[in-house]
1. Can you tell me which residue is farthest from the other protein chains (Cβ to nearest Cβ) among those in the stretch A:49-85 that are among the acidic types (Asp, Glu) and either within 23 Å of B:PRO32 (Cα to Cα) or in contact with an Asp or Glu (Cβ under 7 Å, 6 or more places away or on another chain) (or both)?
2. Which of (1) among the aliphatic types (A, V, I, L, M); (2) modelled with pLDDT of 95 or more; (3) surrounded by fewer than 22 Cβ atoms within 10 Å (Cβ to Cβ) does A:ILE335 not meet, given it meets every other one?
3. Criterion first (free of Cβ contacts under 8 Å to residues at least 24 places away in the same chain and more than 21 Å from B:SER37 (Cα to Cα)) does B:ASN249 satisfy it?
4. Return the total of residues in the stretch A:198-228 being in a loop (DSSP other than H, G, I, E, B), more than 18 Å from A:LEU34 (Cβ to Cβ) and within 14 Å of chain B (Cβ to nearest Cβ).
5. Identify, please: which residue in the stretch A:180-197 is of a type in the set (Asp, Glu) and part of a helix (DSSP H, G or I) and is, among those, nearest to the chain's Cα centre (by Cα)?
6. If B:GLY195 satisfies all but one of (1) at positive phi; (2) within 14 Å of chain A (Cβ to nearest Cβ), what's the number of the condition it fails?
7. Answer yes if at least one residue in the stretch B:93-110 is of a type in the set (Gly, Ala, Ser), in contact with a Phe, Trp or Tyr (Cβ under 6 Å, 6 or more places away or on another chain) and closer than 21 Å to A:ILE124 by Cβ, and no otherwise.
8. State all residues of the stretch B:229-250 that are touching a Gly at 6+ places or on another chain (Cβ under 9 Å) and either surrounded by fewer than 24 Cβ atoms within 10 Å (Cβ to Cβ) or more than 7 Å from every other protein chain (Cβ to nearest Cβ) (or both); if no residue qualifies, say none.
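The values are calculated or read from the model by the stated rules, or taken from the named source; none is laboratory data. Given the structure is predicted, the values throughout are model-derived calculations rather than measurements. Cβ atoms come from the backbone with ideal geometry, glycine included; neighbour counts cover every protein chain shown.
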2 protein chains.
Amino acid sequence: MKRFEIDPFIVMDIIRESRKYNDTIHFEVGEPDLRPSPKVIDAIKEKAVESFGYTESKGLLTLREKIAEFYKKKYRVNIDPERIIVTVGTSGAFNLAFNLLVEEKESIAFSDPTYPCYKNIAKIFKIPNLSIPVDESTNYQIVPEMLKKKKIKCLLISSPANPTGTIYDKKSLKNLITYCEENGIYLISDEIYHGLVYENFQEYSALQFSDNVVVINGFSKYFCMPGIRVGWIILPQHLVRRGEILQQNMFISAPTISQYAGIAAFDYEYLNYVKTVYEKRRDFLYNELKEIFEIKTIPQGGFYIWVNSSRFSDDSFSLCRKILKDIRVAITPGIDFGKNKTNHYIRFAFTRKIDHMKTGIERLKEYLLKP
Amino acid sequence: MKRFEIDPFIVMDIIRESRKYNDTIHFEVGEPDLRPSPKVIDAIKEKAVESFGYTESKGLLTLREKIAEFYKKKYRVNIDPERIIVTVGTSGAFNLAFNLLVEEKESIAFSDPTYPCYKNIAKIFKIPNLSIPVDESTNYQIVPEMLKKKKIKCLLISSPANPTGTIYDKKSLKNLITYCEENGIYLISDEIYHGLVYENFQEYSALQFSDNVVVINGFSKYFCMPGIRVGWIILPQHLVRRGEILQQNMFISAPTISQYAGIAAFDYEYLNYVKTVYEKRRDFLYNELKEIFEIKTIPQGGFYIWVNSSRFSDDSFSLCRKILKDIRVAITPGIDFGKNKTNHYIRFAFTRKIDHMKTGIERLKEYLLKP
């Protein structure tokens, strides 16, 4: 395999294309339009002057303590801040995790559909990867039966999931972790959409069930600041020093001003407001989209809806291109997320205001439903 | 090779150790103590509110245009901003470059001594690497003769060099680039210390001699803001799209607020002041250190002095540890930079004020020279 034979991250290309028009409606962007807590802006202004040096490779201790406190408050687990490495976005955390956990010729597994960068980062590090097809019958989750007889060293799951918005409930997560521990499989839990969980659903951190899992999260979704490029990884104790060495060499440290922004972002009242906003948007978009498309799962968390578009086309990639070109509505085709019937699916993000989405829905209905 | 069997970046550990004492004198830090232009701080405050989203993966166009303008002004070369990718520090640029240029089983070469992360990043990507021993006889530069009969796909040079402070003059750089082009070797030129060049010396960008080289630079040294974690890579046209795809997957984009800081940092009057400050520090430290150690090359650029410490010990690592412990003067042992007699060498950085360095020199003279 040539090193650079990795797929483009299609949504990034769509974003660029969509910006050519003034009146595009954006359902493609996995990026919050809400700003973070006003405290973050104050912190940036206040700390600007002292933010030009590197921090320790693992990140500012104050930030790691804030993160530990978050786990205490939200999940009632005690995490030693020494086990936390502040990374360059969750992207930086995946770069570390894949290197730390998987040796030569060992492989990593994730579901199909899933976040496209997983596969691509694995390819960059020449790690064989295995896609496990999932569908609505297991709520788009990986269950232990799917792993039987598979030789994998590492399993990566995300909950709430991108693009399906589904969540591992307590029992299914616990079962999967137990299976992994019993079979010598490292579990990486991508928890980036935690906090954005709706109605009666609840998210669980893998750390509630084991100290030997690797948990990744960051400030890009719930905390509304993807552009600061800060995430974190929580490692089992025996991997911390190796993680730190990798971080030193690959990144030196995460951006300093962004780390101060992170410290200020744990404004729990504001975070609750963020969730409320997304919940309203989800309700709106779900109710509208189900009049147009078949939807097999209501999104339990995150900010995406995974819709079946096969009543209009068996090639959702071309459909999305056509929709963007003809009515300037940007949506992400399923193919960005895997090969498991993804040409029948489209991902809608509810990351824009309801009024904005309304215009898009009107255009879609006019375009797709009118005879 | 196990993926994580890479060396720690020793200077980072020393920095941490040195911070345990209140009165440590810092010669170890390759990090400017000067702040960037005041315009940068204004820009951060002004742009904070609009800096929470991602930018295009290649970076803000305005920043790429500023960078192109820098090449026009400083080196009189025209660079299409489309050939520039804004990276997460120069670390991010090396991650991209190594992946883009070197296929499986091909190798990359650099000098010994050199910046330790080169070798470590190569190891992370499982790229075989070849160290080419250099010494004062070629001004610590790689010359074409050293590459004869060596099977390498890529050569990475830095000028001004870390840790030796030496510079490729026009003729030697041109010769080396010609040799590489004739022999199918990609040349990566790390130009991070450009701007910090003293007396009658002058630095040349590899782009002045060829469009097929890969040039890496960033805001961490001359521009005085390592903590923002922004650098850039300039690629030959045919590698740009692959570079963009890698950037999307490994990093998404560089931190947004830091990119705005970068735009404001091209304050040429201020940059000239920065250089003047370092030149005075270099003169001071060089004159003092040559009374203690043997120094084979006066630093022509950068902010390091590479001194021979063998009159005191054949094990500069232990010597540095002892000096830090006994008199709280932090210096980086040669071993961080390679294996080529590096146990006889120590690297001093002149990144602190002259008064601060004076105290360190007094302690060193008392400790090393007094009978």
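1. A:GLU50
2. So A:ILE335 meets the others, but not (2).
3. Values: free of Cβ contacts under 8 Å to residues at least 24 places away in the same chain: yes; more than 21 Å from B:SER37 (Cα to Cα): yes.
It is true that B:ASN249 is free of Cβ contacts under 8 Å to residues at least 24 places away in the same chain and more than 21 Å from B:SER37 (Cα to Cα).
4. The first filter runs over the stretch A:198-228 and keeps only residues in a loop (DSSP other than H, G, I, E, B), leaving A:198-205, A:209-213, A:219-225.
Right, trim to more than 18 Å from A:LEU34 (Cβ to Cβ) and you get A:199-205, A:209-213.
From the residues that got through so far, the ones that are within 14 Å of chain B (Cβ to nearest Cβ) too are none.
The total comes to 0.
5. The first filter runs over the stretch A:180-197 and keeps only residues of a type in the set (Asp, Glu), leaving A:181-182, A:190-191.
Next cut, part of a helix (DSSP H, G or I) only: A:181-182.
Values: A:GLU181: 24, A:GLU182: 27 Å.
Among residues in the stretch A:180-197 that are of a type in the set (Asp, Glu) and part of a helix (DSSP H, G or I), the one nearest to the chain's Cα centre (by Cα) is A:GLU181.
6. The single condition B:GLY195 does not satisfy is (2).
7. Residues of the stretch B:93-110 of a type in the set (Gly, Ala, Ser): B:93, B:97, B:107, B:109.
Filter once more, keeping what is in contact with a Phe, Trp or Tyr (Cβ under 6 Å, 6 or more places away or on another chain): none.
No, because not a single residue in the stretch B:93-110 is of a type in the set (Gly, Ala, Ser), in contact with a Phe, Trp or Tyr (Cβ under 6 Å, 6 or more places away or on another chain) and closer than 21 Å to A:ILE124 by Cβ.
8. In the first step, residues of the stretch B:229-250 are kept if they are touching a Gly at 6+ places or on another chain (Cβ under 9 Å); the result is B:229-233, B:235, B:247, B:250.
Matches in the stretch B:229-250: B:VAL230, B:GLY231, B:TRP232, B:ILE233, B:LEU235, B:GLN247.
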